[in-house]
Amino acid sequence: MNIHTYSAIVLSAYDYKDYDKTITLFTPDAGILKATVKGVRKSGAKLKFAAIPFNFGNYTLSEKKGFYTVTGCEQISDMSMAMAETERYICGSIISELSESMITEADLGSFYLCMRTLKAMIFDGVQPMLATLKYILELWINSGYSGRIRKFGNEENIQTMPVLVSYVAATEVDRLRKDIDITLVRNCLVKLLRAIESKFSIALKCVEYL
């Protein structure tokens with residue numbers, strides 16, 4: 001049996017057997033990992049917080065024959081309550097599902113992109129859908145499928161999808177404007193997610209949330 005310690009954020013959690021949960025962890029060192037948290041659904045379970053989506057902490061995992069079990073967690077930040085707000089929850093679900101679907105290996109850049117996006121939504125007051133659009137564009141570009149994305153950050157009149165995409169691609173997430181039409185942003189998100197489904201031959205549940 002091997003013991004590992006990873007800084008990780010919980011992307012998703014599902015009930016497993018009678019009292020356990022299976023969680024998906026996003027780590028900078030090992031990429032995406034699945035792990036079981038045993039007995040966590042019992043009342044008074046000490047690791048209950050460690051199986052909640054958007055918990056960020058240092059996770060101790062035991063590994064046996066390629067299967068991981070959470071044996072401890074030192075919480076760094078609990079973002080779960082802030083992400084429970086409806087729009088943040090939807091956007092967090094999009095980020096989680098995309099991360100699980102598109103990231104297979106250790107990727108420090110993608111991990112920090114995820115954390116930076118969540119921070120922008122929760123602490124910097126960035127409109128959640130706009131921050132999520134930035135996340136998708138960065139993932140798209142980092143995956144080598146930037147296509148015709150132009151980067152111009154000085155647009156004053158943002159009324160079309162190409163102009164919106166150009167502006168968001170060129171602007172740091174914590175500097176995105178707050179006066180952009182949210183309907184335009186939502187429509188752009190749907191179009192990009194459909195394009196990702198087609199390009200990577202995956203089906204994304206998160207599209208239905210929009």
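Values as computed for the structure displayed
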| item | result |
| --- | --- |
| Scan of segment 1-56 for residues that are part of a strand (DSSP E or B) and on the phi > 0 side of the Ramachandran plot, ordered by number | G31 |
| Pick from segment 20-44, criterion among the hydrophobic types (A, V, I, L, M, F, W, C) and touching a Lys or Arg at 6+ places or on another chain (Cβ under 9 Å), ranking: farthest from A106 (Cα to Cα) | V40 |
| Residues (within 14 Å of K21 (Cα to Cα) and either of a type in the set (G, A, S) or not assigned by TED's automatic domain parsing to the domain that holds A30 (or both)) located in segment 48-71 | A50, A51 |
| Conditions (1) in contact with a His (Cβ under 9 Å, 6 or more places away or on another chain); (2) within 20 Å of S12 (Cβ to Cβ); (3) polar (S, T, N, Q): number failed by S62 | (2) |
| Breaking point among (1) in contact with a Phe, Trp or Tyr (Cβ under 9 Å, 6 or more places away or on another chain); (2) assigned by TED's automatic domain parsing to the domain that holds L164, for E74 | (2) |
| Selected residue (only one of T132, T104 is in a helix (DSSP H, G or I) and either closer than 21 Å to H4 by Cβ or at pLDDT 95 or above (or both)) | T132 |
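The values are calculated or read from the model by the stated rules, or taken from the named source; none is laboratory data. These numbers come from a predicted model, not from an experiment. Virtual Cβ from ideal backbone geometry, glycine too; neighbours counted across all protein chains shown.
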